[in-house]
Each structure stands twice: as structure tokens, then as C-alpha cells.
1. With +1 assigned to the C-beta of every Lys and Arg and -1 to the C-beta of every Asp and Glu, and no other charges, what is the dipole magnitude of the chain about the Cα centre in debye, to the nearest 20?
2. Which of the aspartates and glutamates could a cross-linker bridge to residue 373, judged by Cα under 18 Å and excluding same-chain residues fewer than eight apart?
3. Lys/Arg Cβ at +1, Asp/Glu Cβ at -1, dipole of the range 355-485 taken about the Cα centre: which of 439, 461, 408 is farthest positive-ward?
4. Which distance in Å, rounded to a whole number, links the C-alpha centroids of the range 63-97 and the range 195-264?
5. Only helices at least 30 Å long along their axis, Cα-based, and averaging 1.0 or more on Kyte-Doolittle count here, so list those DSSP H runs from the chain.
6. Only four residue types carry charge here, +1 at the Cβ of Lys and Arg and -1 at the Cβ of Asp and Glu. Report the dipole size of the range 138-271 about the Cα centre in Debye, rounded to the nearest 20.
7. Given Cβ point charges of +1 (Lys, Arg) and -1 (Asp, Glu) and nothing else, what value in debye, to the nearest 20, does the dipole of the range 1-145 about its Cα centre take?
8. Quickly estimate the mean residue ellipticity at 222 nm for the chain, helices only: each DSSP H run with n ≥ 4 gives -39500 (n - 2.57), and the total goes over all residues, rounded to 500.
Amino acid sequence: MRGSSAGEQEKLPLSFARTLSWVSLVLVLCTSLGLSVLIANSARETLLTRQQDFARLLVVNLNHQIFQRFTLPTVLAYGRIALRQPVQYERLEQVVQSVTHGLQVQRLRIYDFNRVVAYSTDRAELGRAGLAPRKLDITLYGARPQFEILSRLPAWQAPFRLPLEPGTYTLRVLYPLRGDMSLPNAHSAPAMGVLELTQDITGDYEQVVAFQWLIVGMCLLSSVLLFTMLLLLIRRVERILAHRMQETRRLEQELHSNERLTSMGRVVASIAHEIRNPLGIIRSSAELLLRRVDKADKSTGRILGAIFDESVRLSQTVNDFLDYARPRQPRRDLVDVNLVLDQAMAFLGSEFRTNDVEVVRSLPQEFLTLGDKDLLYRAFYNILVNARQAMAGPGSIRIDGAREGDMLLVRFQDSGPGFPPEHIGQMLDPFFTTKDDGTGLGLPIVSSIITSHGGEIALENAPEGGALVIVRLPAAPRMPEGTEKAPAQEDA
Ligand code: ADP
């Protein structure tokens with residue numbers, strides 16, 4: 001129940017952000033598509049207005065030119081207009097060509113009052129009836145120009161049919177033909193005929209469609225970019241959140257285990273405290289009785305010896321418990337690591353010699369740290385005793401020291417079997433032991449001493465075999481005069 005609500009809490013803000021980003025992507029896409037259609041429509045309208053203005057100018061000019069250069073001279077020369085006569089047709093053709101030359105005019109027709117083609121750029125159409133568009137009468141009788149876009153393709157299909165075939169979009173102009181427009185009342189005069197001009201505007205239309213694609217493409221690109229950035233941001237936040245939650249859970253667990261350990265430590269400490277004094281009495285009494293017992297009484301001697309040995313071991317265990325359960329704050333004296341190792345070797349030397357264990361030391365002469373020499377002695381002692389116990393016979397222990405920036409590095413490497421790889425992660429856990437008579441507190445005590453000095457401990461197996469305990473301690477800032485220094489030396 002607790003787990004599921006925690007999971008929901010973890011997912012809620014991010015899933016909301018994800019949904020929000022998807023919704024915003026869709027919104028941005030829709031808006032940009034709508035915008036692109038609006039912009040494209042406005043561009044199309046502008047294009048049409050431009051084309052219409054241009055066509056209007058063209059037909060007004062044509063009307064003027066035809067009247068000035070064809071109608072007047074022809075009426076004067078022949079009395080009437082008869083375009084079926086090749087001379088007249090050629091003349092009009094010349095006028096039309098000179099005005100429309102170089103412009104995108106697809107076709108030009110002139111209808112007379114009977115809606116018959118009086119002139120066409122396609123000579124074969126001359127004299128044909130039935131070609132006039134239905135709206136011709138509006139221009140003919142109403143004298144109103146008309147502009148119309150003729151398309152062979154629905155507007156929505158055009159963007160998907162690029163490149164467009166020539167003639168897909170045309171502009172048709174129907175314009176009333178009048179006489180001299182410079183005369184007063186010329187605009188109200190009846191039309192003499194209708195001029196039909198058809199222009200191919202496919203190229204311009206194609207440009208508008210391409211422009212529309214450009215807008216859509218740009219909008220798509222920018223929204224996809226924005227969305228990707230948003231997603232990346234969410235992923236990053238997700239990772240940070242997940243990391244923080246993991247860290248919080250780890251700290252919570254650590255806190256719980258520390259609370260458990262602290263309360264257990266308090267119980268253990270009070271029991272150990274109660275045991276320590278009677279145990280001391282048992283040990284000293286056994287020692288006293290051992291001295292007094294008759295040498296001939298071997299069995300009593302053995303029993304007393306066992307009582308003495310066990311009480312010594314038990315008091316060591318009780319001391320371990322107390323050291324771990326109630327660690328004391330280290331002093332901050334200037335301590336020479338060499339001297340501390342000397343002290344440990346002095347205590348363990350005979351045991352090492354008996355077991356044929358060689359200790360080789362290689363440490364710099366000035367190897368000073370700020371700390372508590374008794375606690376450091378305890379830490380080094382535990383490491384060395386562990387190494388000796390692991391070898392269970394002849395072997396060697398190498399102790400190397402080096403400076404690493406502002407830290408002192410001390411490596412203890414033995415020739416034993418090394419840490420069991422499957423348990424190497426548990427070695428620093430309190431009460432973890434592989435020994436029948438172990439307490440599992442030796443290394444945790446070492447670790448707590450080293451960390452209370454601001455240092456670190458690492459356990460490894462050396463590539464050439466054997467356990468490797470690496471201790472890092474903060475180096476003392478400077479070497480005051482008169483400090484005792486221990487030379488690097490070899491012990492046996
Ligand atoms: P204890 O010595 O009471 O078992 P420690 O905390 O000192 O408790 O050690 C825990 C375990 O670590 C030991 O039981 C042993 O398995 C392993 N260990 C410690 N030092 C060494 C070493 N030098 N070589 C191999 N194993 C070791």
C-alpha cells in the first residue's frame with residue numbers, strides 16, 4: 001500500500017509534464033498549420049489582386065491601342081471593320097502582338113455584339129459562335145469588367161501536386177471594348193464588343209504553394225525542436241529526481257539501520273559493562289589459582305588454563321563490543337604513522353615470529369597525520385591481526401606508505417587467501433565474520449576509527465593474490481620542529 005502510493009508520487013509530476021508537452025506539441029502543430037494556411041491564403045489573395053491590377057492595366061492599354069492604331073485607321077481607310085479580311089486581321093494582330101509581347105497572355109479573343117469571335121490569337125476560331133463564356137452578357141450589356149480564376153485542380157490538392165502543369169491556374173478577364181476612353185462620357189458609352197484575355201498564372205500560384213510548404217516546414221521543424229528540448233529537459237529532471245529519491249531512500253534505510261544499531265549498541269554496551277567487571281575478577285582469580293595449583297595436578301591446571309584463556313578472549317570480545325558501540329571522539333594530536341606501526345609491531349612481533357610471518361615496511365620518514373595515536377594503534381593492530389589470522393601459518397605482510405595530495409596512503413597487503421570475493425561488500429558490516437570465534441567487529445571498528453579521522457578505508461584483493469587493505473588519512477599540515485620521527489624499517 002505504502003509502496004504504490006510512493007510510486008504514484010514519483011510518477012505524478014513527470015507524467016503530467018509529459019502529457020503537457022505532448023498536448024503543447026499538438027497545439028503548436030495545429031496552430032502553426034492553421035497559421036500557414038492563413039498566411040498562404042493571404043499571399044494568394046495578394047497575388048490575385050496584383051494579377052488583376054496588372055490585367056486591368058493591360059486590357060485598358062489594349063483597348064486604347066486597338067482604338068487608336070486599328071479601329072480609327074481602319075474605319076478611315078475601309079469605311080468599316082471586317083476582320084475576316086486578312087489585311088484587317090493582320091493589322092489588328094500586329095497591334096495585339098505589340099502590346100502583349102513578352103507578357104504571359106495565353107489567349108486573347110474579341111467577341112462582337114452577336115457573341116461571335118471577331119478576333120482570336122488562334123485564327124481558326126474566327127467567326128465561331130458558342131465559344132463565349134456565359135458571363136459575357138454582364139460585360140457586354142452591363143459594361144462591367146470581370147476577373148475570374150479558372151482552375152483545373154481544387155485548391156487543397158495543389159500543395160500535393162507540385163510541380164503544377166502549365167495552365168492549371170488561369171486568370172480570365174472580360175473587358176468591354178469601347179471607343180476613345182479619353183472622351184467625356186466614354187465610360188457610359190455602350191460596349192462595341194468584349195475582350196477576353198486569358199493569362200496563365202500557374203507559375204505564380206506554384207510559388208505561393210511552395211511558400212506555404214516553407215511555412216509548414218519551418219513551423220514543424222521549430223515545434224519538433226522545441227518538443228525535443230522539452231523532452232530532454234523532462235528526462236534530465238526525471239533522472240535527477242530518480243537519483244534524489246534513491247539517495248533519500250538510501251539515507252532513510254541508513255537512518256533506520258543506524259537507529260537499530262544505536263539502540264542495539266546501547267543494550268549491548270550496558271550488558272557488556274555489567275559483564276566486564278565480574279569477567280575481570282574471573283580472569284585474575286583463574287590466573288592466581290593457576291600460579292598456586294600443584295604442578296602435579298594436571299587436570300586442574302588444564303581446567304584453570306581453559307578458564308583463564310576463555311575469560312581473556314571474552315573480555316577482548318566485550319571490549320570490541322564496547323569500542324564499536326560507544327566509539328570515542330579521536331584526539332587531534334600530531335601522530336607519526338611510523339611510530340604507531342612500531343608500537344603495533346612491538347606488541348605483535350613475537351606472535352609473528354612464532355608463526356614465521358615476515359613484515360616488510362616501506363613508508364616515508366615524515367609520515368604525519370593529525371589524530372589519536374591510541375585509536376590508530378587499535379585500527380592498525382586489527383588489520384595486522386586479521387592478516388596474520390588469514391594466513392594461518394608462514395607468510396608475509398607488506399606495509400607501504402605514500403603521499404597522495406593532502407592524504408596519507410597506507411596499504412596493508414598480505415600473502416593470505418584474500419577476502420572471499422562474494423562477501424567483500426559485507427566485510428565492513430558489523431557482526432559479519434567467517435571465523436568460528438570471530439565477533440565481526442574488527443574491520444567495522446577500523447572503519448569507524450579511520451572515518452572519524454576524516455579518512456577512508458577500502459578492501460580489495462591484490463591482483464597477485466592476498467588481501468589488500470587501503471587506508472587513507474589526512475596528512476598533517478606541516479612538520480613542527482622536535483617531532484619524533486621513526487625511520488622506515490624492516491621487521492621480522
Ligand atoms: P572477525 O575478525 O572477528 O571475523 P573482522 O571484522 O575483523 O571480524 O573481519 C571480518 C571478516 O573479514 C573476517 O571474518 C574474514 O573473513 C575477513 N577478513 C578480514 N581480514 C582479512 C584478511 N586479511 N584476509 C582475508 N579475509 C579477511
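The values are calculated or read from the model by the stated rules, or taken from the named source; none is laboratory data. Nothing here was measured: the structure is a model prediction, and the numbers come from that model. With ideal geometry, Cβ positions are generated from the backbone for all residues, glycine too; neighbour counts draw on all protein chains shown. Ligands, DNA and RNA are excluded from the accessible area calculation, which covers all protein heavy atoms including side chains. Shrake-Rupley method; radii C 1.70, N 1.55, O 1.52, S 1.80 Å.
1. Working: 54 positive and 54 negative charges, 599 e Å.
Dipole of the chain, to the nearest 20 debye: 2880 debye.
2. Here the aspartates and glutamates satisfying the reach criterion relative to residue 373 are 320, 323, 333, 336, 342, 456, 484.
3. Sorting the options by dipole projection puts first 408.
4. Taking the Cα centre of each part, the range 63-97 and the range 195-264 sit 71 Å apart.
5. The qualifying helices: there are none.
6. 800
7. On the way: 18 positive and 10 negative charges, 65 e Å.
Once rounded to the nearest 20, the dipole reads 320 debye.
8. Taking each H run of at least 4 residues, the total per residue is -19000 deg cm²/dmol.
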